[in-house]
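Worksheet: one structure, shown below.
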Number of protein chains: 2
Amino acid sequence: MALVVQKYGGSSIGSAERITEVARRVIATKEAGHDVVVVASAMGDTTDELLDLAARVSRTPGSPREMDMLLTSGERISNALLAIALTDLGHPATSLSGPQAGVFTTGDHGSARIVDVLPTRVRQELDRGRIVLVAGFQGLCKDTDDVTTLGRGGSDTTAVAIAGALRADVCEIYTDVDGVCTADPRVVPTARLLPRVGYAEMLELAANGARVLMTRSVEYARRHGVTLHVRSSFTDEPGTIVAEPAGEVVERDMEKETVTAIAHDRSSALVTVAGVADDPALVARVFRVLAGTGVEVDMPALGAALSFTVPRSSAVATAELLEAELGLKSVSVDVGIGKISLVGSGIRAATGAFWETFAALEVEITQVATSELRLSALCRESELDRAVRALHEVFELGGADQAVVYAGSGRGW
Amino acid sequence: MALVVQKYGGSSIGSAERITEVARRVIATKEAGHDVVVVASAMGDTTDELLDLAARVSRTPGSPREMDMLLTSGERISNALLAIALTDLGHPATSLSGPQAGVFTTGDHGSARIVDVLPTRVRQELDRGRIVLVAGFQGLCKDTDDVTTLGRGGSDTTAVAIAGALRADVCEIYTDVDGVCTADPRVVPTARLLPRVGYAEMLELAANGARVLMTRSVEYARRHGVTLHVRSSFTDEPGTIVAEPAGEVVERDMEKETVTAIAHDRSSALVTVAGVADDPALVARVFRVLAGTGVEVDMPALGAALSFTVPRSSAVATAELLEAELGLKSVSVDVGIGKISLVGSGIRAATGAFWETFAALEVEITQVATSELRLSALCRESELDRAVRALHEVFELGGADQAVVYAGSGRGW
């Protein structure tokens, strides 16, 4: 008998019919003899509807505390409904709010971090033989006795944190795609499902455009040794295990699979700061200002000018801030770039073939960055798909069967 | 400076526009220099929508605990939205769940009773100069750490309980009618708004068909000395004060106003048990069985047969239970009756005119009951409106102006 934590995203429980379907999946695991804890997101559009109501009663954004009070009701509703459905199907279930489940967070409304998980009540309910449902995305700030939300990817993080605290055997992340693939199947029809991937590679994939998991929950899983299993709630595909690589897998990776997967990203913009290349102190001040904003900076390069990528949504504000704070005159923003990343354990050996592919395609690379597990390049966004497909073929990542993509996905691959 | 508790029902906050309108009313009180605590119900149809979702995922009713988890989200949403609207209009507000506001209840999910109110957090927020919003209808059972609901009229009860615990100067119940009238204005066009009514009379009116207040919250108000002020959230009418009668008012009542108002009720059925009149022990057993069901029994009469009224929704089940438990053969149910009640402090003096009126109308009275403050009679339901109008005229309860009725009311008068 294992202890299994299962997380279902909003699209998996978007309707009463889907809730019943998810209930059957939960019961299948329970009837296989396992203890089951379920973390469900808010139903499909609930969060958007609540945000819309808030916008209609207020010209300004609501206070973060009140927005959290408002939005956390979404998960309470979906979890209670799932408990009602499970009980109706003969399996008594108890739904717990984040606070009841012992998820304690910082007081940063809208983007709280989990500081502690004390799942006493969860254990009690499991010991009574019940299926336990925990509202994702939320917790309690002990100092203020206020409910908080964890921000983007919060329900995944709740599931991983609960799994870690309970020392669960596995944390299954159910979503609307089959798992983690060698590339986005919507771009590369021959993309293959990865049966297993290490935490570090998964982090690189997540940070560079693969939206199937958020870096935050993968980091949490790695730190607490939680095995993730990414699966579709719409099919019975085996999905992808994310875990520390076992010895034999590493060996095989080192010998043969120099590249695990290709990620690509259209959400970055390139910021170029001219006239600082010969002033190291000024360059340092640029990065100090950037660090103060909390904006994610990637692909830094210093040549004739200083350039780096930031999320497109922050690009103009970042450029204006640099001009205002440092009296810089020529900060430019390019939103037409794309980023392509090879990820794998033997990435260094792949560099030559990587450059040769771009040369053969006559696609210009404007900037590169490498790490132990990643080789990234910037090109024009319009060239991105062509380059991803070519690299996927060059590195022989494709499988015999075509990957399956499901419609209506908010997650990407 | 006073401390004012205001309660708004679901129809008062049925849309984003109504929430903004209610926010303006709350602010008007705050700007008059008062401390304000607001208790809001769930928005218009929210509860029905949640019940519908539950029915779609379960063929059986959901467990009471899970139904409470589900339904309490409705008040959290409306209160958070109202807090967001108030803050947008320049008046910082904090919304609190029932548990956060210190509303502690029994563990009877779906029909919990309040056992204690410890409004420490409410006081703290008031002391910070904030408007405080408390989610109505809900509380926390300390033994189980589970959220509970108070059942029908629960938001009124929350408001009265909070007002009592804070020793508020008044508890304003905002609804979709102008206040308590001398009769239902939909039946009696000349019905007059009562500026003031005592707790005892209000209890009789509420128990006998006037749905503007529930007996439960009036009883709570009387026990804890909370002054109620029933008002419309759609108009600026002065409304009705419900309080212990001041000396002068009693005197005036005793001299002139023998009758305060007329209530009528179409929701009762008459149960008649034949063949028990000569068996006092069997009559006692009938009432013991009835007491065990918790069904409200009124208008008991023992003549050739034993008869009494119960709510129509319980009538058939009650009759079947009596037949099954006591081996009775002839228990009949009449769902075509109506009940008419005169309520006032000098009701004894009115009895003669009451009978004369029915005689003049040629309406047959089948059963009567009296108490210190009430004189009730049963007649055919089809004769009810005619009798109510005639009595209203005989006892000169009408005002100069016609009463105003608002559409879409779920409350009655």
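The values are calculated or read from the model by the stated rules, or taken from the named source; none is laboratory data. Quantities reported herein were computed from a predicted structural model and do not represent experimental measurements. As a convention, Cβ positions derive from the backbone with ideal geometry for all residues, glycine included, and neighbour counts pool all protein chains shown. Side chains are part of the model used for accessible areas, which takes the heavy atoms of the whole protein and leaves out ligands, DNA and RNA. Shrake-Rupley method; radii C 1.70, N 1.55, O 1.52, S 1.80 Å.
Listed values, structure above:
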{"item": "The range B:210-235-the range A:171-209 distance, computed between alpha-carbon centres (Å)", "result": "60 Å"}
{"item": "Cα gyration tensor shape for the range B:180-333, rounded if a/c is under 1.5, else prolate or oblate", "result": "prolate"}
{"item": "Rounded to 5, the percent of DSSP beta bridges in the range B:57-181 classed as antiparallel", "result": "60 percent"}
{"item": "Per residue solvent-accessible surface (Å²) - the range B:3-175, probe of 1.4 Å", "result": "33 Å²"}
{"item": "GluC sites (Glu not before Pro) restricted to the range B:339-373 and DSSP loop, no more than 14 other C-beta within 10 Å", "result": "B:Glu362, B:Glu364, B:Glu372"}
{"item": "Residues of the range B:262-394: accessible area per residue with a 1.4 Å probe, Å²", "result": "47 Å²"}
{"item": "Positive dipole terminus of chain A, leading residue within A:Gly9, A:Pro311, A:Leu126 (C-beta point charges)", "result": "A:Leu126"}
{"item": "Magnitude of the charge dipole, chain A, Cβ model with Lys/Arg +1 and Asp/Glu -1, debye to 20", "result": "680 debye"}
{"item": "Cα-based helix-to-principal-axis angle, B:280-293 vs chain B, degrees rounded to 10", "result": "20 degrees"}
{"item": "Sulfur and carbon atoms: percent of accessible area, the range B:3-175 [1.4 Å]", "result": "48 percent"}
{"item": "DSSP-defined antiparallel bridges as percent of all bridges, the range A:3-255, nearest 5", "result": "30 percent"}
{"item": "Simple Cβ-charge dipole of the protein assembly as shown, Lys/Arg +1 and Asp/Glu -1, about Cα centre, in debye nearest 20", "result": "720 debye"}
{"item": "Nm distances between copies for A:Thr120, ranked from closest, using label points 7 Å along Cα→Cβ", "result": "1.7"}
{"item": "Rounded to 10°, Cα long-axis angle of helix A:64-88 versus longest principal axis of chain A", "result": "50 degrees"}
{"item": "Label geometry 7 Å along the beta-carbon vector: B:Thr235 inter-copy distances in nm", "result": "6.4"}
{"item": "Accessible area buried at the A-B interface, both sides summed, 1.4 Å probe (Å², nearest 100)", "result": "3500 Å²"}
{"item": "Across the identical copies, how the A:Thr60 labels are spaced - nm, sorted shortest first, 7 Å along Cα→Cβ", "result": "5.1"}
{"item": "Structure-based [θ]222 nm, chain A - -39500 (n - 2.57) summed over DSSP H runs of at least 4, per residue, nearest 500", "result": "-11500 deg cm²/dmol"}
{"item": "At most 11 other Cβ within 10 Å, DSSP loop - trypsin sites (Lys or Arg not before Pro), the range B:23-91", "result": "B:Arg59"}
{"item": "Of all chain A residues, the one whose C-beta is nearest the axis that brings A onto B, in angstrom", "result": "A:Ser73, 2"}
{"item": "The range A:20-136: C-alpha gyration tensor shape, a/c 1.5 cut-off, then a/b vs b/c", "result": "oblate"}
{"item": "Three-way shape call for the range A:154-241 based on the alpha-carbon gyration tensor, with the a/c threshold at 1.5", "result": "prolate"}
{"item": "Residues in the range B:78-92 that, when all protein chains are in place, have 50 Å² or more less accessible area than the chain alone would give (probe 1.4 Å)", "result": "B:Leu81, B:Ile84, B:Asp88"}
{"item": "0 to 90° range, to nearest 10: angle between helix B:215-224 axis and chain B longest Cα axis", "result": "60 degrees"}
{"item": "Within the protein assembly as shown, percent of DSSP bridges classed antiparallel, to nearest 5", "result": "60 percent"}
